[in-house]
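*Asks:* Sharing a structure with you now.
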There are 2 protein chains.
Amino acid sequence: MGGEAAEAVFLVISGMLRAFKTLPDGRRLITAFMGEGDFLGLAVDGIYEYAVEAVTPVTLRRFPRHRFEAILDKSPQWRNTLLHNATEELRLAQDHMVLLGCKNATEKMASFLLQLARRNKRAGRPPSPVCLSMTRGDIADYLGMTAETVSRSLTFLREDGVIDFPAHRNVAILRFDKLAAQSGGSALHE
Amino acid sequence: MGGEAAEAVFLVISGMLRAFKTLPDGRRLITAFMGEGDFLGLAVDGIYEYAVEAVTPVTLRRFPRHRFEAILDKSPQWRNTLLHNATEELRLAQDHMVLLGCKNATEKMASFLLQLARRNKRAGRPPSPVCLSMTRGDIADYLGMTAETVSRSLTFLREDGVIDFPAHRNVAILRFDKLAAQSGGSALHE
DNA sequence: CGACTATTTGAAACGATTCAAACCCGGTGG
DNA sequence: CCACCGGGTTTGAATCGTTTCAAATAGTCG
């Protein structure tokens, strides 16, 4: 649905989606994974900024765009909230640029796991057992590497005791202190 | 000035600046080069989102933040403009993510040159002779590679007749058709 | 001119990718 | 109930592109 007019705005209730851009030859970058509490189709100008697909079965709450706009015109401070929202998204995008441009495979993977943990916390769940609901290929296209390298980084972190796969390997238990050390740090400092 | 309160908003009149983020160990990613017509310190919450430094001597027009806010509260449609602005910045950030995550050295360099050309056009100048006012190191930190690789990509493009350095090599003449072919394409399609 | 910095170029080393094979697992049908 | 299939994942070995380190060159400013 890339570039099409946004008929409505959606709030993610449950499940996981991927937002992505692709190059003409098919190379793909997943710009964000979206889960519980994230908004879809928030582009003000009514144009979707990227394509979105479901990673797992998803339930959404739909807000028709015209009603959305009406609310916005009535109480301007919501527009301010929206601006805050966009600014925050921009900050996240910049952090991801740092990840893509500066970090090596292991650091990317560690950062990604910490991100998933943060997302858990934001949704009111315990941060530690994170669920890797997307495929290795998706993770790869998010972190700017290949599925094989994703797999290798994961086993490397496991062998180092940074993470652990209990039973069925869709979830990972995190050792936050060790993870932070492997992640190369966040871009927020100085 | 990263993370400090933004006392004012600035409009770039002339010159070139770099906005960047760094990791604790010093690795740096330049998130954007800013030139004529760009705004600085637009973060709504009054916190700078990144550090900014001058690349060349710069002249700015200063708008005190309180006056800026006052104007915003008076005529709400400016807030809308601001939102549009943020959305556009987000789109650019996503395109840059594609560059960092998907493209090889030559494609990155070609894309960068096309970006500079677009910036020229936006400023009302002819697009073709672009000025590489920043150092190779800066370009490297913007494209997620090393200064040496930037240099090599540049000579590769020159040997292929894609670009040309007349006399003093701070400027490059572009062959747009060939450049587009080398850039890997834009992420806007389908 | 001489000193300093940025850039270019070369050669070796490294990390990620590629290609290929083996593996694990959930689902289907004999 | 087990054989088999297909997708996703893991692992291995060779290859490739970028980085790293080092040296040579060009450009700038006192």
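The values are calculated or read from the model by the stated rules, or taken from the named source; none is laboratory data. Fair warning: this is a prediction, and the values are worked out from it, not measured in the lab. Note that we place each Cβ from the backbone using ideal geometry, even for glycine, and neighbour counts take in every protein chain shown.
*Asks:* Restricting attention to the range B:70-93, does a residue exist that is surrounded by 16 or more Cβ atoms within 10 Å (Cβ to Cβ) and modelled with pLDDT of 95 or more?
*Replies:* Yes, some residue in the range B:70-93 is surrounded by 16 or more Cβ atoms within 10 Å (Cβ to Cβ) and modelled with pLDDT of 95 or more.
*Asks:* Follow-up question, since we're still on this one. So which residues in the range A:123-160 are among the acidic types (Asp, Glu) and either part of a loop (DSSP other than H, G, I, E, B) or surrounded by 15 or more Cβ atoms within 10 Å (Cβ to Cβ) (or both)?
*Replies:* Applying the first criterion (among the acidic types (Asp, Glu)) to the range A:123-160 yields A:138, A:141, A:148, A:159-160.
Those that are among the acidic types (Asp, Glu) and either part of a loop (DSSP other than H, G, I, E, B) or surrounded by 15 or more Cβ atoms within 10 Å (Cβ to Cβ) (or both): A:Asp138, A:Asp141, A:Asp160.
*Asks:* Pick out the one residue from A:Leu99, A:Leu92, A:Leu179, A:Leu114 that is within 16 Å of DNA strand D (Cβ to nearest atom) and either in contact with a helix residue (DSSP H, G or I) (Cβ under 9 Å, 6 or more places away or on another chain) or in a helix (DSSP H, G or I) (or both).
*Replies:* Details: A:Leu92 fails: within 16 Å of DNA strand D (Cβ to nearest atom); A:Leu179 fails: within 16 Å of DNA strand D (Cβ to nearest atom); A:Leu114 fails: within 16 Å of DNA strand D (Cβ to nearest atom).
That would be A:Leu99, the only listed residue that is within 16 Å of DNA strand D (Cβ to nearest atom) and either in contact with a helix residue (DSSP H, G or I) (Cβ under 9 Å, 6 or more places away or on another chain) or in a helix (DSSP H, G or I) (or both).
Here is a yes/no grid of residues against (1) within 7 Å of chain B (Cβ to nearest Cβ); (2) among the aromatic types (Phe, Trp, Tyr):
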site: A:Gly37; (1), (2): no, no
site: A:Leu40; (1), (2): no, no
site: A:Glu53; (1), (2): no, no
site: A:Phe68; (1), (2): no, yes
site: A:Thr81; (1), (2): no, no
site: A:Gln94; (1), (2): yes, no
site: A:Leu113; (1), (2): no, no
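*Asks:* In this structure, is B:Phe68 farther than 20 Å from B:Gly35 by Cβ and within 16 Å of DNA strand D (Cβ to nearest atom)?
*Replies:* Working: farther than 20 Å from B:Gly35 by Cβ: yes; within 16 Å of DNA strand D (Cβ to nearest atom): no.
Answer is no for this residue.
*Asks:* Name, by its number, the condition in (1) within 16 Å of DNA strand C (Cβ to nearest atom); (2) within 14 Å of chain B (Cβ to nearest Cβ) that does not hold for A:Ala180.
*Replies:* (1)
*Asks:* For the range A:117-133, what are the residues that are within 16 Å of DNA strand D (Cβ to nearest atom) and of a type in the set (Ser, Thr, Tyr)?
*Replies:* Applying the first criterion (within 16 Å of DNA strand D (Cβ to nearest atom)) to the range A:117-133 yields A:129-133.
Within the range A:117-133, just A:Ser133 meets the criteria.
*Asks:* Would you mind finding the one in A:Arg158, A:Arg152 that is within 14 Å of DNA strand D (Cβ to nearest atom), of a type in the set (Lys, Arg) and without any contact (Cβ under 8 Å) to a residue 24 or more places away in the chain?
*Replies:* Going through A:Arg158, A:Arg152 in turn, the sole match is A:Arg158.
*Asks:* Could you tell me which numbered condition B:Leu174 fails, if it satisfies all but one of (1) within 12 Å of DNA strand C (Cβ to nearest atom); (2) crowded, with 19+ Cβ neighbours inside 10 Å; (3) more than 14 Å from chain A (Cβ to nearest Cβ)?
*Replies:* All conditions are met except number (1).
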